[in-house]
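A quick write-up on the structure given underneath.
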Amino acid sequence: MSTQPWWQTTVIYQIYPRSFQDTTGNGIGDLPGITSRLDYLADTLGIGAIWISPFYRSPMADFGYDVADYVSVDPLFGTIDDFDVLLDAVHARSMKLIIDWVPNHSSDEHPWFVESRSSRDNPKRDWYVWRDPKPDGSPPNNWISAFTGPAWTFDENTGQYYLCTFTPKQADLNWRNPEVQEAMLDDLRFWLDRGVDGIRVDVAHFVMKDPELRDNPRATGTRTTLSRNHGEYDEYEHLYDKGHPDNHALYRDVRALLDSYRPERFSVGEIHLADWEEWAGYYGDLDELHLPFNFSLVHSPWTPNDIAKRVGAAEAAIPPGGWPSYVLGTHDDPRTATRFGSEQMPIAAMLLLTLRGVPTLYYGDELALPERFIPAEQQLDPHGRNLPGSGRDGCRTPMQWDDSFSAGFSPSGADAPWLPLSDDWVERNVARHLADPQSLLNLYRALLSYRKSSLSLQAGDYAQIAAPDGCLAYKRGELTVALNFTSDDLALGLTGEVVLSTYLDDAATAARLRPHEGLIIEV
Ligand code: NOJ
């Protein structure tokens, strides 16, 4: 029905592979597990594309975001054949597969780094960022790891520090070395040649650093660019360790590589920047990333005014012809159901699926999985271990499928899942929620199905319209969307046909909003 490229009309579903479906019984999800659940994604839910967080060979210091071989599958997740089976099965259901590309850093166990650290004159020394200590032996500059502490690790053997923006087991690659660029793009070709449809670029704006590695200035005022507490990292203005203008040339190269493939390949960048202009810069002249992820709603207070302000700012910042994107939950942020409150999840779903652009839905948010409290001393996540209270384990708990053993996540008799289920898993699971005609899961299904059939939602303009206090209302093409953020009845005073209410019943009218209700109205 529309002539837009596939990636503009798709809805992305993010899978954290450790947590989706375990087929081997070790309590950890795997690629065959994802394959076995594709009917759920394609038919039950009606998703267009899946993005899988890293599944490459890895010591798992950051659960796969520490890649030891970019062209492999970690045995924990399966084999390359399992990957091919998955890809074919995704395509057989007319869905797309997006993989995670982690260019900023490799594992310290990647053979490139093993060579690089072996001696100062190794040919791969310059593939990473090595510097001498300061005369007093301290790190070369004041950069702080995103997981707190210095972003430098001293290597006793060669007497220099290497840069590691995340954990010491994630060494930053030196993208100013053309050999690194070539090797990384070669590894990317491996997946594109296999037929993957797109990439999600991990911390895309971190890759190029200030060539002089200048000290970052201290932050002035409060500056929150990320939703969890990043400790000391938040005390600096990140002028020199990320957001370097040279990133743009890199993404033009990546885009040229993607554009050399048919059918069309897609890129979405993980870009956390508070400055809208800088953020929108990653569209380039529509010749860089297809989309920078827009995380502003993840960091927004949950009020109609705050949401409207952020949507308006994004719409204004995006260059002509650029396409928006919206995210509510990720594997790095506290669960949406806990942030917004479970009674608000229906309007959050309607918001996500009726804004202009590409929505990304984090697995389990369709069940309103809550953030699982995991005490600091039990956190597996490196961020949580370094900064008690900031752990990400709580948003990565296993998908809950039914009320059988381990919520259907693992086969019967398996090891305990790597992270605990929610306390209410016997009720909070796909099978139970499918059977409840008014569940959030059935609302997601209705929204996804309606979105597919609606040109207004796929391509219509966005314009905020006047609404009573506590309500956010906007036009999308021929449609009006109204969301009630309060627990009161609100007079809306519109006329027209309600095409979908978050209550999923027949009692909705355009004249009023019931508590926490969202409506799509044909005025
Ligand atoms: C961003 C990823 O989303 C996060 O999970 C990871 O820890 C860091 N990048 C480092 O790769």
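The values are calculated or read from the model by the stated rules, or taken from the named source; none is laboratory data. Model, not experiment: these values are computed from the prediction. A quick note on method: Cβ atoms are made from the backbone with ideal geometry, for glycine too, and the neighbour counts reach across all protein chains shown.
A few notes on this one:
- Of all positions in the range 145-161, at least one carries a residue that is over 30 Å from Trp7 (Cα atoms), among the hydroxyl-bearing types (Ser, Thr, Tyr), touching a Ser or Thr at 6+ places or on another chain (Cβ under 7 Å) and not in a loop (DSSP other than H, G, I, E, B).
- Here the condition is being within 16 Å of the ligand (Cβ to nearest atom) and outside any helix (DSSP H, G or I); of Gly25, Gly64, it holds for Gly64 alone.
- For beta carbons closer than 6 Å, sequence separation of 6+ or different chains, a first residue in the range 371-383 that is in a loop (DSSP other than H, G, I, E, B) and a second that is within 16 Å of the ligand (Cβ to nearest atom) and among the hydroxyl-bearing types (Ser, Thr, Tyr), the qualifying pairs are Arg372/Thr397.
- Trp191 in a helix (DSSP H, G or I) and either closer than 21 Å to Pro211 by Cα or under 24 Å from the mean Cα position of the chain (by Cα) (or both): yes
- When the criteria are applied in full, Asp381 meets the requirement of being in the same structural domain as Thr23 (by TED's automatic domain parsing), crowded, with 20+ Cβ neighbours inside 10 Å and of a type in the set (Asp, Glu).
- Residues of the range 332-385 satisfying the condition of being basic (Lys, Arg) and away from the ligand (no atom under 16 Å from the Cβ): Arg339, Arg356, Arg372
- Of all the residues in the range 409-442, those that are in contact (Cβ under 8 Å) with a residue 60 or more places away in the chain, part of a loop (DSSP other than H, G, I, E, B) and within 30 Å of Gly493 (Cα to Cα) number 2.
- Residue that is nearest to the ligand (Cβ to nearest atom), among those in the range 386-411 that are farther than 17 Å from Asn229 by Cα and charged (D, E, K, R): Arg396
- Apart from one condition, Phe154 fits all of (1) surrounded by 22 or more Cβ atoms within 10 Å (Cβ to Cβ); (2) away from the ligand (no atom under 16 Å from the Cβ); (3) of a type outside the set (Gly, Ala, Ser); the exception is (1).
- In the range 502-512 there is at least one residue that is buried (at least 18 other Cβ atoms within 10 Å of the Cβ) and farther than 24 Å from Asp365 by Cβ.
- Among the residues here, Arg445 does not qualify as part of a loop (DSSP other than H, G, I, E, B), of a type in the set (D, E, K, R), touching a residue at least 40 places away in the same chain (Cβ under 8 Å) and under 21 Å from Ser342 (Cα atoms).
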